[in-house]
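Every number in this text was worked out from the coordinates using simple rules, so none of it is lab data. No experiment lies behind these values; they were computed from the predicted model shown. Glycine gets a Cβ as well: all are built from the backbone with ideal geometry, and neighbour counts include every protein chain shown.
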Amino acid sequence: MRHLEREIDRLKRKILGLGALVEDNLRLAFQAIEARDPDKGHRVMVTDILIDDQEVEVEEECLKILALYQPVAGDLRFLVAVIKINSELERIGDLAANIGERAISLAQEHPVPVPGGFAVMAERTGTILEKALDSLVRQDAATARLVLAADDEIDALYRDLIEDLKEIIRTDAEHLDAIVLLFSVARYLERLADHATNIAEDVLYMVEGEIHRHEMPAPPAEKAELFHWDERGM
């Protein structure tokens with residue numbers, strides 16, 4: 001089974017490389033929105049093409065290993081989880097590209113007030129993706145569970161952000177097009193957190209062999225002090 005071990009090690013490097021690329025591109029997308037920088041927005045969209053190519057390579061690698069070696073037990077769980085995580089990363093890449101596209105459009109609109117909740121939500125979303133990928137690297141069920149719990153905070157931030165944007169519409173309806181773009185970015189951030197949560201669930205399946213989707217969330221008392229955010233949101 002030495003050949004199988006080498007193939008799995010190579011696959012691990014591929015999925016981790018894809019995760020790092022997605023994480024970097026998402027960070028660039030956040031910067032593009034914050035600075036209303038169309039050049040960064042274009043770079044995000046170009047990089048998404050590379051992410052799509054790597055996603056196909058990872059899937060083909062998984063299918064090849066399944067066909068050639070017919071793995072069982074832990075190796076089979078790992079391959080199944082990687083196939084699902086690979087898909088989640090590609091979707092996150094697509095959302096980052098959407099954010100980059102919105103940054104390009106925003107740069108052409110009249111500047112409107114951007115609620116402070118945007119920066120906070122972007123920081124939190126980036127952090128739970130980072131932690132989800134960290135749980136994959138270390139195959140760490142405890143960190144994966146923290147990601148699941150932190151998703152509720154993202155949902156609360158999203159609701160607050162939508163209310164802030166509604167208030168801006170009431171006071172600055174003249175620039176509705178720009179505000180609508182911000183609404184869509186907020187929705188993309190919320191969906192990003194959902195995909196990071198899915199990655200954490202797949203890691204739990206990989207490590208423990210149990211499916212954790214559709215479980216009831218933990219009670220609030222068990223979710224206090226999740227990632228110990230500092231003043232920068234990390």
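Straightening the chain between Arg6 and Leu66 buys 20.2 nm, computed as 0.36 nm per residue apart minus the Cα-Cα spacing. Kindly express, to the nearest 10 degrees and within the range 0 to 90, the angle between helix 141-171's C-alpha long axis and the longest C-alpha principal axis of the chain. Between helix and principal axis, roughly 20 degrees. Between helix 176-208 and the chain there is an angle of about 20 degrees, using the helix long axis and the longest principal axis of the Cα atoms. Between the helical axis of 38-69 and the longest alpha-carbon principal axis of the chain there is an angle of about 20 degrees. Charged neighbours of Arg102, selected by a Cβ distance under 15 Å, balance to -4 (K, R count +1; D, E count -1).
Within the chain, what's the longest run with no trypsin sites (Lys or Arg not before Pro) in a DSSP loop and at most 14 other beta-carbon atoms within 10 Å? Give the range, please. The longest uninterrupted stretch comes out as 1-212.
Grouping the Cα pair distances of the chain into 5 Å bins from zero gives a pair-distance distribution of 1, 7, 14, 16, 17, 15, 12, 8, 5, 3, 1, 1, 0, 0 percent in increasing distance order. Based on Cα contacts under 8 Å between residues 6+ apart, the range 2-223 shows a relative contact order of 25 percent.
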